[in-house]
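What follows draws every value from the coordinates through simple rules; no lab data is involved. Predicted, not measured: the structure shown is a model, and the values here were computed from it. Here the Cβ is made from the backbone with ideal geometry for all residues, glycine too, and neighbour counts use every protein chain on show.
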Amino acid sequence: MTSNSDLVARTLRSVWHPCTQMKVHERLPMVAVSHGKGAWLYDFEGHRYLDAISSWWVNLFGHANARINAAIVAQLERLEHVMLAGFTHEPAVLLSERLSALTGGRLGHCFFASDGSSAVEIALKMSHHFWRNRGQPDKSRFAYLTGAYHGETAGALSVGDVALFRDAYAPLLRPGVAVPSPDWRHAEPGEAPAQYAGRCAAALEQALRERHREIAALIVEPLVQCANGMGMYDPEYLRRARALCDQYDVHLIADEIAVGCGRTGTFLACEQAGILPDLLCLSKGISAGYLPLSVVLSTDAMYDAFYHDDVARGFLHSHSYTGNPLACAAAIATLSIFDQDAVIEANRRRAARIDQLARPVAAHRRVRNFRRTGMIWAFEVDGVEPLFARRFSAAALERELLLRPIGNTVYFMPPYVIDEEQAALLTERTVELLDRVP
Ligand SMILES: Cc1ncc(COP(=O)(O)O)c(C=O)c1O
């Protein structure tokens with residue numbers, strides 16, 4: 001029988017874990033997970049942990065969800081994988097049709113990959129290649145928001161602005177054009193989020209006016225910059241950015257890898273601004289946290305710019321597992337759950353109830369900027385000592401909570417199946433942690 005300590009000892013010998021300075025595990029316990037059910041994860045000794053961050057923001061409908069399990073098993077019996085060049089299969093086609101329908105058919109072409117970062121690479125390459133095919137090869141730089149995070153591969157890091165992830169690789173990255181983030185935590189005292197968004201849009205206009213000849217696209221995380229401590233902003237910025245990109249012949253890339261799939265209260269975050277981008281990246285929740293899948297949706301205009309007798313004008317990018325049928329089947333089951341269970345509306349009620357339960361958190365003397373967008377709650381904690389995030393996380397595990405603060409920002413991003421009792425446990429124990437973790 002596997003025990004927690006055996007597995008942890010073996011993992012520390014053999015597995016190089018992501019986003020981890022491995023030496024910290026000399027002191028910090030690693031959690032060995034045996035299985036999951038709904039919002040709970042269990043170790044080998046029966047301890048449970050409430051997955052309040054949806055396992056890095058991917059899980060939507062709980063662990064071991066019967067409907068998604070069944071869809072994957074059914075697909076497994078038919079076809080596990082086939083390459084998507086020269087071949088096609090029902091899950092890829094059906095998923096593309098359904099995703100396109102969610103944009104009213106305006107983003108009608110789906111290009112598949114596996115992880116979020118690969119979707120970002122695809123969007124960046126596609127944008128530049130579009131301009132090259134159109135006779136404007138100098139459009140090869142990208143504008144991005146300060147504090148942006150778009151993944152860890154070299155292209156994605158080039159449009160990212162989180163020093164911890166970027167600095168070591170700076171010599172490998174291609175400089176872009178950073179423009180001010182509309183994250184309202186940076187607003188002047190008394191300045192409303194929409195006003196601040198307007199001020200940032202004016203700065204964007206200046207950057208585009210001066211450099212549009214070399215800028216292929218602006219990439220944004222619509223409404224919430226998650227990795228930058230859940231920086232939230234007003235949809236006004238997206239409306240203005242859309243208009244400015246049109247005015248200056250610059251693509252708008254919406255990275256909805258973290259914020260898509262209902263996370264911000266609408267299926268796509270862009271819906272709240274009434275806009276669509278030229279390229280839309282989805283991943284994480286699209287397969288409900290089951291299998292690596294990402295997709296870049298594009299306009300007809302984008303697609304048409306590559307459609308030609310000349311092979312080199314085509315978009316020749318590929319990954320071996322592009323459009324994997326099992327992952328697509330998980331995604332189709334995910335979209336069906338959205339429809340069958342009216343998830344967006346149910347989440348509205350769920351979020352309002354969690355707001356009530358979270359009042360003691362919001363009112364806590366150490367809490368600043370308590371905020372929510374859709375199914376994301378976040379706040380800054382005052383009076384923290386060094387390594388707060390690490391200590392808070394360890395103390396949370398002792399209280400059956402999986403929480404991973406970003407700096408002094410604590411956030412909840414629970415699966416959409418979190419129930420009343422679990423939400424009460426989450427908020428009550430968070431108050432306890434705020435009382436006790438300096
Ligand atoms: C907005 C955003 N873009 C891209 C990524 C990268 O996705 P992945 O980790 O699947 O490569 C993330 C991951 O957190 C993200 O939050």
For this session: For Lys37, list the lysines whose Cα falls under 23 Å from its own Cα; do not include residues on the same chain fewer than 8 positions away.
Result: Lys284
For this session: Read phi for every residue in segment 401-406 and hand back ³J(HN,Hα) as whole Hz from Karplus 6.51 cos²θ - 1.76 cosθ + 1.60, θ = phi - 60°, with x for Gly and Pro.
Result: 10, 9, 9, 9, x, 10
For this session: Could you pull out which residues in segment 352-369 have an amide N less than 16 Å from a spot 7 Å beyond the Cα of Glu428, following the Cα-Cβ vector?
Result: 354, 356-361
For this session: Counting residues in the chain as N, plug N into 2.2 N^0.38 Å and put the Cα Rg over that result.
Result: 0.98
For this session: Would you mind calculating the gained length between Ala170 and Arg48 on full extension (0.36 nm times residue separation, minus the Cα-Cα distance), in nm to one decimal?
Result: 39.9 nm
For this session: Among DSSP beta bridges lying fully in the chain, give the percent that are antiparallel, nearest 5.
Result: 65 percent
Exercise. For the chain, modelled as a Gaussian network with Cα springs under 10 Å, which listed residue fluctuates most, Ser336, Ser287, Ser96?
Worked result: Ser336
Seminar exercise, completed: Ranked by GNM mean-square fluctuation in the chain (Cα springs under 10 Å), the top entry among Met30, Met232, Met22 is Met22
For this session: Take the Cβ-Cβ distance between Lys23 and His317 as r, set R0 to 35 Å, and report the resulting FRET efficiency rounded to the nearest 0.05.
Result: 0.40
Problem set entry | Table column - 3J(HN,Hα) (Hz), segment 205-211, Karplus curve with 6.51, -1.76, 1.60, x for Gly and Pro | 4, 4, 4, 6, 4, 6, 10
For this session: Enumerate the lysines that Lys139 could reach by cross-link, defined here as Cα to Cα under 26 Å, with residues fewer than 8 away along the same chain left out.
Result: Lys125
Exercise. Mind checking Rg over Rh on segment 344-438, alpha carbons, Kirkwood formula for Rh?
Worked result: 0.94
Exercise. 222 nm [θ] for the chain, helices only, -39500 (n - 2.57) per DSSP H run of 4+, per residue, to 500?
Worked result: -11500 deg cm²/dmol
Exercise. Around Val179, which amide H atoms from residues at least 5 apart in sequence, or from another chain, sit under 5 Å from its own amide H, with H modelled in the peptide plane?
Worked result: Tyr144, Leu145, Thr146
For this session: Please report Lys23, Lys125 as a ranked list, fewest other C-beta atoms within 10 angstrom at the top and most at the bottom.
Result: Lys23, Lys125
